[in-house]
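Structure, as structure tokens:
Nothing in this text is a laboratory measurement; each read-out follows from the coordinates by a stated rule. Every value quoted in this text rests on a predicted model; they were computed, and no experiment measured them. Glycine gets a Cβ as well: all are built from the backbone with ideal geometry, and neighbour counts include every protein chain shown.
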Amino acid sequence: MHGFDEALAAAWRLIVTGDTALVEIATLSLKVSLTAVVCAALIGLPLGAALALARFPGRNALVVTINALMGLPPVVAGLLVYLLLSRAGPLGPYGLLFTPTAMIIAQTVLVTPIIAALTRQVVADLWQEYREQLTSLGASRLRAVPTLLWDARFSLVTAVLAGLGRAMAEVGAILVVGGNIAGVTRTMTTAIALETSKGDLPLALGLGIVLLVIVLAINAAAHLLGTTARRAAG
Amino acid sequence: MKLFETTRRAVMAIAVGAAFLGPAGAAGAQTAEKPFITVASTTSTEQSGLFKHLLPQFTEKTGIEVRVVAVGTGQALKIGERGDADVVFVHAKSAEEEFVAKGFGVERLEVMYNDFILVGPKSDPAGVRGTGDVVKAFQAIAEKKSPFVSRGDDSGTHKAELALWKLAAIDPKAGGSWYRETGSGMGPALNTAAGMDAYILADRGTWLSFKNRGDLAILVEGDDRLFNQYGIILVNPARHPHVKEKEARAFIDWVLSPEGQAAIASYKIEGEQLFFPNARKKGA
């Protein structure tokens, strides 16, 4: 189809010339999304595991809610964070709107339910399998959380990668809270949206190809680490 | 023993996480050092490339960085209203005057103008080419029910388009499916119009820098009613004390100064000037 060759040429040009603006926005994309995923994992992993094991009233409702929040539209997450961080909002005095920090907060909101929901499923399955062993060892349900998380670590990598995929790909939330400011809050996805707006479709698609390559590299690295670690663990 | 081992591993995992967080935090601190202001402006000024041409000159002279959030005029005014920007730089006179009247802004100052153009398919099914009368052209499009793409996003261009339909005494939304509101910025709306060979009202700046024109061309231009004035407003520091009044005033003063006005006039795409400075001299 017309345009694809131009897009590939644009992507190639961007990569081989080491375009400084590209390096800047790619670095920002990685910083924002990786930080958001780390934050979301720190919340989502223990939360998911606790939800798998704990028994309390309203637990099912909470599980359904978190599952549903996996489908939270990014632009809605963005709006919520926008209203929180806006000068006229409750966290206004901190002046965080239109900064990378605001983008990290918005993406953490988006990614946490994904990691929590997937973790809950993985840990619940594992718990069913090892319940007797763990209880016979005298571990209480909550004290089994770290053990189960550790035993499920290879499956949980996939949960975290799913979260990273969401973070790297979304544009709706960071566009609203970041403002797509050149050199400050412009990331790969917001730059792609901008170039599409300018009608420069080859450059937009070229940037998209670069983004895909970055995401592919991260996933390959995770896969490689996982295989090596699994082999080492026997 | 097992529990101890697990705890040790958890601590290590958190340490690795913190290593990721560290650089991001440091980067945040770096950008905070330089003085900067936030300007809420329109997609036309950003996407036409004007700011890329203009802002480095101001930053070099004053050391003040200008961060532009480019959205539709309606949203830009809203950002100013909530105090999320220091300066608003938009193009919808009556909405701007209302913004100042309500006390959200200090004063509206005129900066520059360009014009709107009626763009449409080269085949021109409504036969509006060369009429030079945009209202008659709108009437012809409605009569022929030729596809027309509207911004539909409360932007300056959208407001201007609605005003023209009013002058033409036509309610386009009543007429059926030929009138299509996209609810998007100038560029995406042009992409849509190019995709379905529709008529569209565009600002000249975005059109000149727009690359995906397809079969579209300028059909009507030069009508006085297509005049497009840009204004600049300082967000009211009395209402929002965190507004960086000194830096923001420096920016406004520079844009209105002979130097800033000359910088605006010197921005050209393929030899064509995009914006025409028309700030009034102070005290005039």
## Note on the structure
Projected onto their principal axes, the Cα atoms of chain B stretch, largest extent first, over whole-Å spans of 83, 59, 39
## Note on the structure
Whole-Hz Karplus couplings 3J(HN,Hα) for region B:141-148, θ = phi - 60° and coefficients 6.51, -1.76, 1.60, Gly and Pro as x, run 5, 5, 5, 7, 6, 6, x, 10
### Calculated from backbone phi, Karplus (6.51, -1.76, 1.60) coupling profile of region A:32-44 in Hz, x at Gly/Pro
5, 5, 5, 4, 4, 5, 4, 4, 5, 5, 4, 8, x
### Query
Based solely on its DSSP helices, what 222 nm [θ] is calculated for the protein assembly as shown when runs of n ≥ 4 H residues each add -39,500 (n - 2.57) and the sum is averaged over all residues, nearest 500 deg cm²/dmol?
-19500 deg cm²/dmol
### Message
Please compute the modelled spin-label separation between B:ARG129 and B:ALA101, points set 7 Å along Cα→Cβ, answer in nm with one decimal.
### Response
4.3
### Summary
The answer for the per residue Cα convex hull volume of region B:77-134, in Å³, is 134
### Query
Counting Lys and Arg as +1 and Asp and Glu as -1, each charge on the Cβ, what is the dipole of region B:115-226 about the Cα centre in debye, to the nearest 20?
180
### Task
Stick to Cα atoms and the Kirkwood definition of Rh, then tell me Rg/Rh for region B:28-161.
1.08
#### Entry: Nearest-20 debye value, the protein assembly as shown charge dipole, Cβ charges on Lys, Arg, Asp, Glu
1600
## Note on the structure
The aspartates and glutamates whose Cα lies under 12 Å from the Cα of B:LYS136, excluding any fewer than 8 residues away in the same chain, are B:ASP223
### Task
Treating only the Cβ atoms of Lys and Arg (+1) and Asp and Glu (-1) as charged, compute the dipole magnitude of chain A about its Cα centre; round to the nearest 20 debye.
800
### Task
Subtract the Cα-Cα distance of A:LEU212 and A:ALA88 from 0.36 nm times their separation in residues, and report this length gain in nm to one decimal.
40.9 nm
### Task
Over 18 Å, how big is the tail of the calculated P(r) for region A:70-162, in percent of all Cα pairs?
58
### Task
Determine the shielding of peptide A:178-184 by partner chains: average, over its residues, the number of Cβ atoms on other chains within 10 angstrom of each Cβ.
6
### Query
Counting other Cβ atoms within 10 Å, which trypsin sites (Lys or Arg not before Pro) in region B:64-130 have at most 16 and lie in a DSSP loop?
B:LYS102, B:LYS122, B:ARG129
### Query
For B:ARG239 and B:LYS145, FRET efficiency with R0 = 35 Å and r from the beta-carbon atoms, rounded to 0.05?
0.15
### Task
Would you mind getting me the FRET efficiency between B:ALA163 and A:VAL23? Use the beta-carbon distance for r and R0 = 45 Å, nearest 0.05.
0.50
### Query
Out of B:ALA85, B:ALA169, B:ALA76, any idea which swings most in a Gaussian network model of chain B, alpha carbons joined below 10 Å?
B:ALA169
### Message
Per residue, how big is the convex hull of region A:30-201 when only Cα atoms are used? Give it in Å³.
### Response
128
### Summary
Restricting to lysines and to Cα separations under 22 Å from B:LYS61, and discarding same-chain partners fewer than 8 apart, the set is B:LYS34, B:LYS52, B:LYS244, B:LYS246, B:LYS268, B:LYS281, B:LYS282
### Selection from A:GLN133, B:PRO188, B:PHE116 lying farthest towards where the dipole of the protein assembly as shown points positive, charges on Cβ
A:GLN133
### Message
Quick check: pseudo-label points 7 Å beyond the Cα along Cα→Cβ at A:LEU224 and B:ALA217, how many nm apart are they?
### Response
5.5
### Message
When the expected Rg is taken as 2.2 N^0.38 Å, what fraction or multiple of it is the alpha-carbon Rg of region A:144-202?
### Response
1.66
## Note on the structure
Placing +1 on each Lys and Arg Cβ and -1 on each Asp and Glu Cβ in region A:30-201, then taking the dipole about the Cα centre, the residue among A:ALA77, A:ASN180, A:PRO146 whose Cα reaches farthest towards the positive end is A:PRO146
### Task
Between A:ALA54, A:ALA152, A:ALA193, find the one with the highest GNM mean-square fluctuation for chain A; connect C-alpha pairs within less than 10 Å.
A:ALA54
### Ellipsoid semi-axes in whole angstrom, largest first, where each is sqrt(5λ) of the Cα gyration tensor of the protein assembly as shown
49, 26, 22
#### Entry: Amide hydrogen neighbours beyond the local backbone of B:PHE36, cut-off 5 Å, H modeled
B:GLU65
### Task
Go ahead and set up a Gaussian network model of chain A, Cα springs under 10 Å, then flag whichever of A:GLY178, A:GLY89, A:GLY208 fluctuates most.
A:GLY89
### Message
One quarter of the convex hull surface, Cα atoms only: what value does that give for region A:120-228 in nm²?
### Response
9.6
### Message
Under 18 Å between alpha carbons, and skipping anything fewer than 8 positions from B:LYS159 in its own chain: which lysines qualify?
### Response
B:LYS78, B:LYS93, B:LYS173
